[in-house]
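Presented below is the structure to which this report refers.
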């Protein structure tokens, strides 16, 4: 499976947006980030780190299982480390999966995050992003029309493809707050609530496209997610994975003030190498890596998104998001 040069040029061109006034125009965004910090502050610390064994456990690299790592940054009592073998960045004193799943089932912070996307500017941006990749997969010719969105949130992507295409939307989501909305959108047969992908009973080779929009950075065992996704993917199907990039220009400028640096929610940060290893272990391979959102709103205080700056960010692979288009190994 290959991507044509013409389509590749389209994919490698990021969706740009004027987000300079975003926070001033969106009250819920400020409320959201205050709630994030309040939640993190509630975890008890000892010597500056969250160490309560009822809450956290120390872990090795979730990608290559190495215990050799170097400190990357400490924020709000959680230590991000970089694996010296595969360069994956992850939270060493990670919250236990049972704690994380409770949060994903019901969390004021996560509800506010979904509300943020209702802001007109942010909503328009994501619709444009969805359209870019929907049209790309249309050009790639999916083997069937079934699309599974893992961690589908409020169903915005599934709603978009339902309105703009003949694709058949399926969703899997933990959040209780979105249950009624997703049932109304998808119906009982195409919506799985409060179960992991491993617990869901999807047939093998069933989906033409599987999407994970900002999901793998949240999960304890990303290898298991991609392995299961590979099993239920049609042999000629595709997987889309969008993840935040901790090596972004935004992080270089903002440091621990970078919005994506939330150790309760974002416990993994992939690089191309760790994503490639994760895919290979699941019987998958990366067709291409695309970059999105090279310039976030908080960067305007320090720089301007000129063509020269954007090109520099893209050349150095320093965009805020990396998007991977993945297929099965032939």
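Normalising by the residue count of the chain, find the relative contact order in percent from Cα pairs under 8 Å and 6+ residues apart.
After rounding, I find 19 percent.
Compute the Cα gyration tensor for segment 1-147, then decide on rounded, prolate or oblate, letting a ≥ b ≥ c be the square roots of its eigenvalues: rounded whenever a/c is under 1.5, prolate when a/b is larger than b/c in the other cases, and oblate in all that remain.
Working: a/c = 2.21, a/b = 1.39, b/c = 1.59.
The shape class here is oblate.
Per residue and in Å³, how big is the convex hull formed by the alpha-carbon atoms of the chain? Could the numbers behind the result be given before it?
Values: hull volume 43.4 nm³, N = 330.
Dividing the Cα hull volume of the chain by its residue count gives 132 Å³.
Counting C-alpha atoms alone, how compact is segment 94-194: give Rg to one decimal and Dmax as a whole number, in angstrom.
Answer for segment 94-194, Rg first and Dmax second: 14.6, 41 Å.
So how do 239, 296, 3 line up by other beta-carbon neighbours within 10 Å, fewest first?
Result, fewest neighbours first: 3, 296, 239.
Would you please classify the overall shape of segment 1-77 from the alpha carbon gyration tensor, given that a ≥ b ≥ c denote the square roots of the eigenvalues, rounded means a/c under 1.5, and beyond that prolate means a/b larger than b/c while oblate covers the rest?
Because a/c hits 1.5 or more and a/b fails to exceed b/c, segment 1-77 counts as oblate.
Need one number: % antiparallel among DSSP beta bridges in the chain, to the nearest 5.
In the chain, DSSP labels about 65 percent of beta bridges as antiparallel.
Sticking to Cα atoms, compute the Rg of segment 270-330 to one decimal and its Dmax as the biggest Cα-Cα distance, whole number, in Å.
For segment 270-330, the Cα radius of gyration and maximum Cα-Cα distance read 14.6, 47 Å.
Do the sum for the chain: with -39,500 (n - 2.57) for every DSSP H run of n ≥ 4, divided by all residues, what is the mean residue ellipticity at 222 nm, to the nearest 500 deg cm²/dmol?
-10500 deg cm²/dmol
How high is the relative contact order of segment 196-330? Use alpha-carbon pairs under 8 Å, at least six apart in sequence, and give a whole percent.
32 percent
Using the per-residue mean of other Cβ atoms lying within 10 Å as a proxy for protection, in what order, highest first, do the peptides 213-222, 299-308, 121-130 fall?
With the highest mean Cβ count within 10 Å placed first, the list reads 213-222, 121-130, 299-308.
In square nanometres, what is the average projected area of the Cα convex hull of segment 46-118?
6.1 nm²
Please work out whether segment 191-330 counts as rounded, prolate or oblate from its C-alpha gyration tensor, where a ≥ b ≥ c are the square roots of the eigenvalues and a/c under 1.5 means rounded, while otherwise a/b larger than b/c means prolate and anything else oblate?
prolate
Values in this text are rule-based calculations from the coordinates and carry no lab data. Model, not experiment: these values are computed from the prediction. We place every Cβ from the backbone using ideal geometry, glycine too, and count neighbours over all the protein chains shown.
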